[in-house]
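These notes concern the structure reproduced below.
The values are calculated or read from the model by the stated rules, or taken from the named source; none is laboratory data. What you see is a predicted model; the values in this text were computed from it and never measured. When we count neighbours, we look across all protein chains shown, and the Cβ atoms used for this are built from the backbone with ideal geometry, even at glycine. Areas reflect the complete protein model, heavy atoms only, side chains present, ligands, DNA and RNA absent. Shrake-Rupley method; radii C 1.70, N 1.55, O 1.52, S 1.80 Å.
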Amino acid sequence: MQRRPGISRTIFIIALVVVAAVSGVTGYLVNGFLHPPADGETLNGAGATFPYPFLSAVANNYSRIHPNIQVNYQAIGSGAGIKALGAKTVDFAASDAPLSAAQIAALPAAALHIPETIGAVVVAYNLSGILTGLNLNSTTIARIFQGNITMWNDPRIQALNPSLTLPAQQILVVHRSDGSGTTFVFSGYLNTAATGVWVLGQATSIAWPVGIGAFGNQGVAGPLLGTHYTIGYVELAYALTNSAMTYGFVRNHDNTTFVKPSLANVTYAAQNATAAPVTLPEGNQSWASVNLLNAKGLESYPIVSFTYLLVYRELSIVPGMTLDKAKALVDFLWFVVHNGQA
């Protein structure tokens, strides 16, 4: 798939904003990279588990190229990452939910949004004898996670899957227990697509009426892989890297087909959601209104979102931020949105 010029251009502008924002950082440029100093530096980040597989790979690849720079990213959840950024205990944070107006106002200084990747949330389940491809729609998903549908052989699930024999077993819902960008994306989809049925709103933390909570995408994946009759939500990468995990196909915006969550169908959704006349913000603007959810199109998977790196525009407010460390951080951020994408 070709990358949309609009998205690439926006990320390029954001990267330039980051470079320009570091007062006094001069560095030396080679092929567009502001290269870090020769002395060793450690960059500390924390936040979303949603992009952790991507960020982990990018950080490892970056350190292979620059062995003097180590990137330490802790996947502690979007909410905890934003708190760490506000406390200035990390050099950068990651969140699947853009900062709200209240969160922006609570920070000690202006922060930038850098959308570093796009991910999807899958509805995963553990049903003996039923492989990936259980058909689901927004209202059925909403009713399951609100506790309105409690049995796997409920007529509303069965009607979507007439060729399957669903078990007469209770559904065990698994949800996030921490402040989670994945929850923000998942609940945002239901808030958008299941209007009139979903009553719990969109938030990083939901007052779930049913189920058991687990920390992080990894924590939710555990019961889904090990306990029969469970259902939960995880980021697509966690499903693709666990061959034993089965997950549903979700009815598209146009109500014409059930769409498999795949890299191609996530790409279709992003392209359709950002097509003209949509204009994406720059890094120093609010991203609160940006929404890739429930995009139109036959092959658009409907539960898709940007995920963001968050960094202070003026890096000198971070304790221990030297000029050399700032050079290293800017170089790493540039790498994430350029060569690191490969």
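Before moving on, here are some points about what is shown:
- Selection count, the range 196-225, where residues are in a loop (DSSP other than H, G, I, E, B) and either farther than 30 Å from Lys296 by Cβ or in contact (Cβ under 8 Å) with a residue 40 or more places away in the chain (or both): 12
Conditions (1) open to solvent by 10 Å² or more (accessible area, probe 1.4 Å); (2) in contact (Cβ under 8 Å) with a residue 12 or more places away in the chain; (3) out of contact with any His (no Cβ under 8 Å at 6 or more places or on another chain); (4) hydroxyl-bearing (Ser, Thr, Tyr), marked per residue:
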| residue | (1), (2), (3), (4) |
| --- | --- |
| Asn291 | yes, yes, yes, no |
| Gly297 | yes, yes, no, no |
| Ser300 | no, yes, no, yes |
| Ile303 | no, yes, yes, no |
| Thr307 | no, yes, yes, yes |
| Glu314 | yes, yes, yes, no |
| Val318 | no, yes, yes, no |
| Met321 | yes, yes, yes, no |
| Asp324 | yes, yes, yes, no |
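- Which numbered condition Ser23 fails, given (1) open to solvent by 30 Å² or more (accessible area, probe 1.4 Å); (2) at pLDDT 60 or above; (3) not in a strand (DSSP E or B): (2)
- Test: Trp198 is aromatic (Phe, Trp, Tyr), buried (at least 16 other Cβ atoms within 10 Å of the Cβ) and out of contact with any strand residue (DSSP E or B) (no Cβ under 8 Å at 6 or more places or on another chain): yes
- Selection of the range 206-216 for residues being of a type outside the set (A, V, I, L, M) and open to solvent by 40 Å² or more (accessible area, probe 1.4 Å) yields Pro209, Gly211, Gly213, Phe215.
- Residue within the range 303-321 that is touching a strand residue (DSSP E or B) at 6+ places or on another chain (Cβ under 6 Å) and in a helix (DSSP H, G or I) present: no
- Checking each residue in the range 178-195 for being modelled with pLDDT under 95 and outside any helix (DSSP H, G or I) picks out Asp178, Gly179, Ser180.
- Identity of the residue in the range 241-258, of a type in the set (Val, Ile, Thr) and within 19 Å of the chain's Cα centre (by Cα), that ends up farthest from Val220 (Cα to Cα): Val250
- Residues in the range 73-105 that are open to solvent by 60 Å² or more (accessible area, probe 1.4 Å) and of a type in the set (S, T, N, Q): Gln74, Thr89, Gln103.
- Scanning the range 175-195 for residues that are open to solvent by 60 Å² or more (accessible area, probe 1.4 Å) and among the hydroxyl-bearing types (Ser, Thr, Tyr), we see that the one that is nearest to Ile82 (Cα to Cα) is Ser177.
- Here the range 217-255 is the region considered, the condition is being at pLDDT below 95 and polar (S, T, N, Q), and the residue that is surrounded by the fewest Cβ atoms within 10 Å (Cβ to Cβ) is Ser243.
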